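*Asks:* My questions all concern the structure below.
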Amino acid sequence: MRSLSQVALCASLPLWLLACGAPTAEAPTEDTASEPAAEVAEADGDMGELEIRANGEDFVREGFVTKDGWEISFDHVYVTLDEVTAYQSEPAFDAEAGGMPEASVMVNTESPITVDLAAGDESADPVLVETLSAPAGRYNALSWKMVPAMAGDAEGYPIVMVGQAMKDGETIAFTLKLDPELVFVCGDFVGDERKGILDAGGKADLEATFHFDHLFGDAGAPPDDDINTGALGFDPLAAIAQNGVLDVDSAALSEQLSAEDYNLLLSILPSLGHVGEGHCSETQLTRS
Amino acid sequence: MHERNGLAIIGGSLLGAIALLAGLPPGARAHGVSVQSRTTNAVEIQAVYDSGKPMENAQVQVYAPDDPSTPYFVGQTDNRGRFVFAPDQAGDWEISVRQAGHGKIVVIPVESGGAIAETFTNDAGLTPLQRGVMAGAVTWGCVGTALYFRRGKV
């Protein structure tokens with residue numbers, strides 16, 4: 001995964017004479033993302049509507065070609081999000097520094113919600129997860145858990161991908177049911193526009209973004225790009241398909257993939273969650 | 001909204017341009033161009049990947065403290081991942097740096113006069129090598145305002 005490490009700063013006159021001081025990040029605190037919904041903070045002041053959206057980006061809605069040449073199209077990409085929490089963090093939260101946002105105001109969803117990231121065409125808006133009534137202010141941090149779906153086609157799994165992979169005249173119909181539970185803690189949305197700026201009586205949105213190109217790689221990027229060198233691709237999955245069908249869960253993947261490929265798959269999952277282009281910290285799978 | 005490009009190049013060549021203009025007789029100034037100069041504080045950032053590789057030609061958006069929605073400066077990093085801007089008000093300036101689908105926003109507190117707040121640190125998690133990659137307040141002497149700041153709307 002290509003990653004912007006840090007943009008650091010210190011005062012100098014002339015250039016570079018003074019090194020930066022000690023880290024400012026607080027030590028990790030309680031995992032607020034796992035606190036019950038009943039502890040949602042209420043703040044004084046006027047309220048607005050804060051939309052929580054989930055976005056699989058064009059890779060999911062339009063399909064893409066993996067690093068190893070498989071043309072992927074998704075029928076469904078189900079993700080189940082729980083305790084999606086928006087924070088007014090002060091200071092601004094740096095996910096790469098770790099810890100949790102320091103927020104006096106936060107709002108969250110109260111029950112697991114399953115959404116299909118592949119819903120809609122390429123022009124569709126990111127999927128609405130829930131609209132929260134929220135105090136006005138700057139929501140500059142977001143966290144969420146990925147938990148097993150309670151019902152429906154994704155029941156029992158936090159992530160289910162259904163689609164087709166095509167290469168050299170071969171078509172594989174795949175259903176990948178992944179069960180690791182994940183917790184993502186993220187800072188401000190990074191993208192073409194700012195998000196989470198909620199005026200009293202107004203509406204704003206935040207976005208949980210999923211980068212599935214990290215899993216499969218992207219033929220549109222150079223082979224030596226980090227997005228490809230760190231990706232699993234689809235070849236290992238195609239190799240375990242039978243009669244053009246691959247319908248597997250994590251247990252089957254663990255048994256049928258090589259240990260190296262399965263561990264690579266597990267290592268990629270914590271990098272799926274983003275806020276736009278901004279990176280998140282995954283605190284559940286990476287802790288186990 | 002203000003646009004800046006090629007900062008590393010401008011910084012060096014600009015001083016020469018100012019000195020040249022100052023030495024010209026008034027009659028040599030074509031089309032009534034007037035160039036004034038002042039000394040100002042500027043903030044320089046440098047963006048790098050985990051590997052230490054600079055984020056070359058990355059997209060930069062700078063948001064002033066009084067308007068977090070609309071970029072006040074936009075531009076690109078230079079080939080060393082650097083970008084310079086001159087804050088003109090105190091408060092928290094937010095800088096977004098993005099490239100190839102990945103990015104980061106940092107908040108830089110600026111005091112009156114454009115200096116970075118002494119309390120500011122942003123090196124959490126940096127390795128010693130990365131800590132050497134930093135941004136700083138720089139003072140550019142006799143920088144020509146008309147040349148240094150391109151006031152064109154974007």
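The values are calculated or read from the model by the stated rules, or taken from the named source; none is laboratory data. Remember, predicted model here, so these are calculated numbers, not experimental data. Cβ atoms come from the backbone with ideal geometry, glycine included; neighbour counts cover every protein chain shown.
*Asks:* State whether the residues of region A:48-57 include one that is within 14 Å of chain B (Cβ to nearest Cβ), of a type outside the set (D, E) and crowded, with 16+ Cβ neighbours inside 10 Å.
*Replies:* Checked region A:48-57: at least one residue is within 14 Å of chain B (Cβ to nearest Cβ), of a type outside the set (D, E) and crowded, with 16+ Cβ neighbours inside 10 Å.
*Asks:* Would you confirm, using the coordinates I've provided, whether A:E282 is surrounded by fewer than 20 Cβ atoms within 10 Å (Cβ to Cβ) and not small (G, A, S)?
*Replies:* Answer is no for this residue.
*Asks:* Let me ask something else about it. Just to be sure before I move on: is A:E96 modelled with pLDDT under 95, in contact with a strand residue (DSSP E or B) (Cβ under 7 Å, 6 or more places away or on another chain), within 14 Å of chain B (Cβ to nearest Cβ) and over 24 Å from A:A136 (Cβ atoms) in the structure I sent?
*Replies:* So A:E96 passes the test.
*Asks:* Go through region A:174-200 and give me each residue that's farther than 19 Å from A:D116 by Cα and not hydrophobic (A, V, I, L, M, F, W, C).
*Replies:* Of everything in region A:174-200, those that are farther than 19 Å from A:D116 by Cα and not hydrophobic (A, V, I, L, M, F, W, C) turn out to be A:G187, A:D188, A:G191, A:D192, A:E193, A:R194, A:K195, A:G196, A:D199.
*Asks:* Take region A:259-288 and flag every residue that is more than 12 Å from chain B (Cβ to nearest Cβ), of a type in the set (A, V, I, L, M, F, W, C) and in contact (Cβ under 8 Å) with a residue 12 or more places away in the chain.
*Replies:* A:L264, A:L265, A:L266, A:I268, A:L269, A:L272, A:L285
*Asks:* At least 3 residues that are under 11 Å from the mean Cα position of the chain (by Cα) and crowded, with 18+ Cβ neighbours inside 10 Å in each: list the strands (runs of 3 or more DSSP E) lying fully within region B:49-103 that qualify.
*Replies:* It comes to B:59-63, B:73-76, B:82-85.
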